[in-house]
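Read through the structure below, which is laid out as structure tokens, and then see the notes.
We did not get these values from a lab; they are worked out from the coordinates using the rules stated. Please read all numbers here as calculations on a predicted model, not as lab measurements. No Cβ is skipped: glycine too gets one built from the backbone with ideal geometry, and neighbour counts run over all protein chains shown.
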């Protein structure tokens, strides 16, 4: 953190300004010879200023003492702490040097004044008969002096207040002007970005449409063809007893499909398959013109004119097997079953902190600051088909059980919850933590156990078959990330002390510490084969640790860099690809990062989000990566 943003230096500058002003007043006080009302006023003002500055310095000392308990958490070192202590000591000395003469002068002035007044009263004491007359003569001059002194003091205060108000007014005007300029610039940039986004979307749609049309009529290794119905009128209804398929290059008849009244015909993307809808409404003949082989597929329709529901799997498979895959907008072959190379999922009302694919890769679960968990279809339109409600605060992490039947969620409402995916009902609520629950992880095999990590400094082990937690692992610091070992006999925890701790479940003790990160951990995940642990930290690095038995003493085998953490302090997660060849992590610079684990190179740096990317995950079986962000959006994209 720069000194311009550090609260210590901001307060320091304010205190130094106060000391400088007080020194100026002190010099004026020193030059005053007579002990009149103005000097007494200056003395009071100096003492009040000294007390105020001493109080502010005391508060600074308290903040330094707090920071000294854990300097790394506040991003400062011992040298900086010593520098701050020296400054506060110097400030106290400056104030003391001013306060001591003022106090001494006030006491001596008070003593001398009282003694002189006593002598005056004794020497000038008159008989009682004359005392009342003389007192009236002296009262008027004394009152005039007092009124004059007070008037001067009030004028001085008013003048200073006017100057301060003028400075404050000028500052407010400058700030208002800067804010207005920034607002205008941001509005203009937002408008430009919106127009660019609309233009890009429109261009992508047009390109996709054109590419699909080109692929449909001019696929590799085939000639362009068209079809036509041969109509006859029967009962006032146009019907075709046959459909013909024409080669557009040779102008010759490529084929004919008939055998009944043909209402419509369509050509598949490869141009080699003709699909015909017949008048009986229950059969479709498919003609493959490359092999001249006919296939009949039975279709269930409600009427002879409309088909309701999804296309049968058999027909879909047959159509796509007739030719090569349809290329995407950039001309490259598609590598996944996503409906489009990039799918945008919207619906959350606040920042999305976590997302996970189910083990089958058909559903995505996402958790948000809006306290809800959304379930999305991966294929088709990627629609949200279920919302799980119950948490009283944000959802920081979601995890699927191995069978994909349940979801486990962690939240700052101090609870973990288990949800049945089929019914959408909450089936278990775990609420023994006394502070935020940051992370959770189920076992990969064996009993249905769950480990959770919390800001209360504990990791807890839960058995889904029992009511409460079955084991407690206390730590000195907040725990922000947890995971199980592959054999489920150990748990891994990471937190604000920068270390990864390995706990033996049977002995309930730490058996190993993995040290290397320079800042708190925000996420961790075990590799698919269970041999390596991936950790993400606010020191802007990913580390890969060798967790195999009898590994070398230095278990950190890779350090990956490139992504960023920022002042938001979000718990950015990380993840492995299915084959372990790639890892991914979120980043506060709004990018999705993907690294090659062998070369440590950044393979992809994917833009699109407009807020911090909080988690990235790989699809369990296809080359798809998902990302969720503080911009409330989720992206699924093929790589």
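In terms of other Cβ atoms within 10 Å, 532, 550, 492 run from fewest to most in the order 550, 532, 492. With Cα atoms defining each centre, region 432-493 and region 510-530 are spaced 15 Å apart in the structure. Taking the fewest neighbouring Cβ atoms within 10 Å as the starting point, the ordered list for 95, 352, 66 is 66, 95, 352. Just round it to a whole percent: the fraction of Cα-Cα distances in region 497-565 exceeding 16 Å. Within region 497-565, distances greater than 16 Å cover 48 percent of Cα pairs. Tell me the label-point distance for the pair residue 598, residue 551, using the 7 Å Cα-to-Cβ offset, in nm and rounded to one decimal. Computed distance between label sites residue 598 and residue 551 equals 2.0 nm. Divided by 2.2 N^0.38 Å, where N counts the residues, the Cα radius of gyration of region 342-638 comes to 0.91. This ranking places 443, 354, 423, 402 by how few other beta-carbon atoms lie within 10 Å of each, fewest first, which gives 423, 402, 443, 354. Annotation for region 15-71 versus region 559-608: alpha-carbon center distance of 52 Å. Modelled this way, with points 7 Å down the Cα-to-C-beta line, the labels at residue 160 and residue 362 are 7.8 nm from one another. In this calculation the C-beta distance from residue 27 to residue 180 is compared with R0 = 30 Å, giving a FRET efficiency of 0.10. Once C-alpha pairs closer than 8 Å and six or more residues apart are averaged by separation and normalised to the residue number of region 499-572, the relative contact order reads 22 percent.
Treating r as the C-beta distance of residue 187 and residue 377 and R0 as 51 Å, the FRET efficiency rounds to 0.90.
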